[in-house]
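Q: Let me give you the structure first, and then I'll get to my questions.
The values are calculated or read from the model by the stated rules, or taken from the named source; none is laboratory data. A quick note: this is a predicted structure, and the numbers were derived from the prediction, not measured. Cβ placement follows ideal geometry from the backbone for every residue including glycine, while neighbour counts extend to all protein chains displayed. What goes into the accessible areas is simple: the full protein's heavy atoms, side chains included, and nothing from ligands, DNA or RNA. Shrake-Rupley method; radii C 1.70, N 1.55, O 1.52, S 1.80 Å.
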Amino acid sequence: MSETLDPGARRAILEAADGLREEAVEALARLVRCPSTLGQEAGALEEMARAYRALGLEPRHVPTEPERLAAHPGFSPPLVPYAGRDNVVAVHRPRAAPRGRSLTLQGHVDVVPEGAADMWETPPYEPSVRNGRMHGRGAGDMKAGIVAYCTAYRALRLAGLQPAAEVQMHSVVEEECTGNGALACMLALPRTEAVIIPEPGPGMDALYSAEVGVVWAWVTVSGRPAHVRDMQAGVNAIEAAQVVAAAFKEYEREMNRAERIHPAFRGLNHPVNVNLGTIEGGEWNSSVATRCRIGMRVGVMMGYTAAQTRADIERLVAAAARDERLRGAQVRLEFKGFMADPCVFDTEAGIVRLARRAYAEATGGTLRDYPATGLTDGRHFVLHGGTPVACFGPDAQEIHGIDESVGLESLHGITRTIALAMAEWCGVERAPAP
């Protein structure tokens with residue numbers, strides 16, 4: 001067990017963190033400039049390798065290998081190949097025998113697409129600071145969190161200290177669509193005694209108390225083409241796909257009935273969402289569309305599983321395919337992307353209690369509990385690793401939307417919080433001379 005942090009060490013760590021504000025903002029800007037959407041994460045991963053080297057740690061590449069992960073209950077079917085975008089990790093080990101508790105600091109470098117770039121006030125991958133907030137795709141979700149944990153570690157070193165236990169740092173891919181990067185790293189490295197994931201809060205600094213599961217499904221409808229003058233003789237795949245999509249509205253209402261909602265989400269309006277995220281189809285405005293593909297994201301509440309949700313989707317799509325309006329059409333269903341179960345975080349775990357206390361000391365504020373209608377990589381460590389997770393991060397706005405941003409004062413507060421929590425959880429020892 002680690003000892004209570006010496007007041008002098010505590011003061012030195014916080015002063016060091018305060019001196020790194022500008023450096024942290026510059027590091028965040030460098031990461032935001034990397035357009036690390038699905039399949040394009042290599043630049044951000046290399047940036048993280050450089051960041052780890054700058055901390056005096058040796059980066060290591062961890063591949064995501066579907067053939068090795070496929071039998072694991074946390075695996076999700078991937079959308080694209082993994083070549084050229086290995087996860088990057090680094091491990092700090094103490095000079096002497098460990099005196100404290102080991103810790104993983106984890107974050108994802110992947111970001112969602114920017115959407116309509118012309119709607120952004122400033123280009124999405126050109127970081128812009130306005131009114132104390134950095135704007136840019138991924139600034140909040142979650143590159144600021146990664147910068148916070150790196151800066152926290154650097155603050156300890158500048159204070160002449162380092163963790164007296166093992167600290168792992170994971171920079172992973174595909175948090176936004178499978179979670180397979182996190183799973184690969186979790187399995188490749190030894191289990192630690194706790195995990196901190198600085199995922200963003202919803203417009204405030206927040207601590208994740210629970211998160212829904214998610215299943216991604218893709219429905220392709222092939223109709224019967226015809227000239228528009230004879231459209232009644234054809235089957236319009238776009239219209240047919242709308243019939244399939246409409247079948248999920250009643251399902252969504254059923255899944256949000258009060259008796260189905262876990263206590264962690266009570267009082268939260270509509271926590272289980274079915275989102276139609278993509279649609280592509282048709283060939284010509286004057287032709288009856290031959291093919292249409294829709295992609296959907298279906299939430300999963302506690303008490304239910306991703307496997308049960310998959311079965312529900314199969315049933316609903318099969319029933320829609322029998323609709324008279326789809327006579328003559330072919331319907332194909334695929335599952336790629338998330339196949340993720342919901343998760344409840346232990347908010348009384350030692351690392352969580354410590355995070356709350358460190359946050360209060362570092363900022364003077366209180367971390368609010370946040371039952372998330374999205375999901376994080378934290379589920380892997382809880383559900384499949386038996387490891388307590390403190391998932392909390394800086395105030396982010398418009399994540400997955402236009403003009404995403406993160407509060408820089410909040411980034412600094414989370415950095416100070418992680419620095420104190422790491423020092424107390426792991427214990428500290430004198431760092432070697434640079």
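Q: Go through the residues of segment 173-180 one by one and say whether even a single one is within 23 Å of GLU334 (Cβ to Cβ) and among the hydrophobic types (A, V, I, L, M, F, W, C).
A: Yes: segment 173-180 contains one or more residues that are within 23 Å of GLU334 (Cβ to Cβ) and among the hydrophobic types (A, V, I, L, M, F, W, C).
Q: Starting from residues that are closer than 17 Å to ALA246 by Cα and of a type in the set (D, E, K, R), keep the ones in segment 280-309 and report whichever is most open to solvent (accessible area, probe 1.4 Å).
A: GLU280
Q: Is there a residue in segment 274-288 that is in contact with a Gly (Cβ under 7 Å, 6 or more places away or on another chain), in contact (Cβ under 8 Å) with a residue 24 or more places away in the chain, farther than 18 Å from ALA210 by Cα and of a type outside the set (Val, Ile, Thr)?
A: Within segment 274-288 (the criterion being in contact with a Gly (Cβ under 7 Å, 6 or more places away or on another chain), in contact (Cβ under 8 Å) with a residue 24 or more places away in the chain, farther than 18 Å from ALA210 by Cα and of a type outside the set (Val, Ile, Thr)), the answer is no, since none of the residues qualifies.
Q: Does any residue in segment 125-152 that is in a loop (DSSP other than H, G, I, E, B) come within less than 7 Å, Cβ to Cβ, of a residue that is open to solvent by less than 20 Å² (accessible area, probe 1.4 Å) and of a type in the set (Asp, Glu) six or more places away or on a different chain, and which pairs are these?
A: If the second residue must be open to solvent by less than 20 Å² (accessible area, probe 1.4 Å) and of a type in the set (Asp, Glu), the pairs left are GLY136/GLU404; ARG137/GLU404.
Q: Tally time: how many residues in segment 158-173 are in a strand (DSSP E or B) and either open to solvent by 10 Å² or more (accessible area, probe 1.4 Å) or under 30 Å from PRO7 (Cβ atoms) (or both)?
A: 6
Q: Continuing with the same structure: Restricting to segment 318-340, name every residue that is touching a residue at least 60 places away in the same chain (Cβ under 8 Å), open to solvent by 30 Å² or more (accessible area, probe 1.4 Å) and either out of contact with any Phe, Trp or Tyr (no Cβ under 9 Å at 6 or more places or on another chain) or at positive phi (or both).
A: ALA319, ALA321, ASP323, ARG325, ARG327, GLY328, GLN330, VAL331
Q: Here is a further query. For segment 366-375, does any single residue satisfy the condition of being under 20 Å from LEU20 (Cα atoms) and in contact (Cβ under 8 Å) with a residue 24 or more places away in the chain? First the steps, then the outcome.
A: From segment 366-375, those under 20 Å from LEU20 (Cα atoms) are none; that's our starting set.
Looking through segment 366-375, none of the residues is under 20 Å from LEU20 (Cα atoms) and in contact (Cβ under 8 Å) with a residue 24 or more places away in the chain.
Q: LEU207 is checked against (1) assigned to a strand (DSSP E or B); (2) closer than 30 Å to ALA321 by Cα; (3) open to solvent by less than 10 Å² (accessible area, probe 1.4 Å); (4) of a type outside the set (Lys, Arg) and fails just one. What number does that condition carry?
A: If we test LEU207 against (1) assigned to a strand (DSSP E or B); (2) closer than 30 Å to ALA321 by Cα; (3) open to solvent by less than 10 Å² (accessible area, probe 1.4 Å); (4) of a type outside the set (Lys, Arg), just (2) comes out false.
Q: Are there any pairs, at least 6 apart or on different chains, whose C-beta atoms fall under 7 Å, with the first in segment 48-75 and closer than 19 Å to MET142 by Cβ and the second open to solvent by 40 Å² or more (accessible area, probe 1.4 Å) and part of a loop (DSSP other than H, G, I, E, B), and if so, which?
A: VAL62/ASP86
Q: Additional query: Go over the candidates LEU420, LEU411 one by one and state the one that is of a type in the set (A, V, I, L, M, F, W, C), open to solvent by less than 10 Å² (accessible area, probe 1.4 Å), out of contact with any strand residue (DSSP E or B) (no Cβ under 6 Å at 6 or more places or on another chain) and under 30 Å from ALA96 (Cα atoms).
A: Numbers: LEU411 fails: under 30 Å from ALA96 (Cα atoms).
Residue meeting the stated conditions: LEU420.
Q: Next question. Could you say which residue among ASP395, ASP369 is in contact with a strand residue (DSSP E or B) (Cβ under 8 Å, 6 or more places away or on another chain), surrounded by 22 or more Cβ atoms within 10 Å (Cβ to Cβ) and on the phi < 0 side of the Ramachandran plot?
A: On the way: ASP369 fails: surrounded by 22 or more Cβ atoms within 10 Å (Cβ to Cβ).
Answer to the selection: ASP395.
Q: Please find, among GLU121, GLU176, the residue that is in contact with a helix residue (DSSP H, G or I) (Cβ under 9 Å, 6 or more places away or on another chain), assigned to a loop (DSSP other than H, G, I, E, B), in contact (Cβ under 8 Å) with a residue 40 or more places away in the chain and open to solvent by 10 Å² or more (accessible area, probe 1.4 Å).
A: Details: GLU121 fails: in contact with a helix residue (DSSP H, G or I) (Cβ under 9 Å, 6 or more places away or on another chain).
Testing whether each residue is in contact with a helix residue (DSSP H, G or I) (Cβ under 9 Å, 6 or more places away or on another chain), assigned to a loop (DSSP other than H, G, I, E, B), in contact (Cβ under 8 Å) with a residue 40 or more places away in the chain and open to solvent by 10 Å² or more (accessible area, probe 1.4 Å) leaves just GLU176.
Q: Working carefully through the options ILE197, ILE146, find the one that is closer than 16 Å to CYS34 by Cβ, open to solvent by less than 20 Å² (accessible area, probe 1.4 Å), touching a helix residue (DSSP H, G or I) at 6+ places or on another chain (Cβ under 8 Å) and aliphatic (A, V, I, L, M).
A: ILE146
Q: State all residues of segment 296-323 that are in a loop (DSSP other than H, G, I, E, B) and under 30 Å from GLY234 (Cα atoms); if no residue qualifies, say none.
A: ARG322, ASP323
Q: Considering only residues that are closer than 20 Å to GLY140 by Cβ and not in a loop (DSSP other than H, G, I, E, B), which ones fall in segment 179-190?
A: Initially, segment 179-190 is screened for residues closer than 20 Å to GLY140 by Cβ, giving 179, 181-182.
Listed by number, the residues that qualify are GLY181, ALA182.
Q: Mind checking whether some residue in segment 301-317 is touching an Asp or Glu at 6+ places or on another chain (Cβ under 8 Å), in contact (Cβ under 8 Å) with a residue 60 or more places away in the chain, within 18 Å of GLY74 (Cβ to Cβ) and hydroxyl-bearing (Ser, Thr, Tyr)?
A: Yes, because at least one residue in segment 301-317 is touching an Asp or Glu at 6+ places or on another chain (Cβ under 8 Å), in contact (Cβ under 8 Å) with a residue 60 or more places away in the chain, within 18 Å of GLY74 (Cβ to Cβ) and hydroxyl-bearing (Ser, Thr, Tyr).
Q: If we scan segment 351-365, do we find a residue that is in contact with a helix residue (DSSP H, G or I) (Cβ under 9 Å, 6 or more places away or on another chain), within 21 Å of ASN180 (Cα to Cα) and open to solvent by 10 Å² or more (accessible area, probe 1.4 Å)?
A: no
Q: Of everything in segment 264-275, what is of a type in the set (A, V, I, L, M) and either assigned to a loop (DSSP other than H, G, I, E, B) or open to solvent by 90 Å² or more (accessible area, probe 1.4 Å) (or both)? Give them in sequence order.
A: LEU268, VAL272
Q: Of a type outside the set (Lys, Arg) and at positive phi - does that describe any residue in segment 341-361?
A: No, because not a single residue in segment 341-361 is of a type outside the set (Lys, Arg) and at positive phi.
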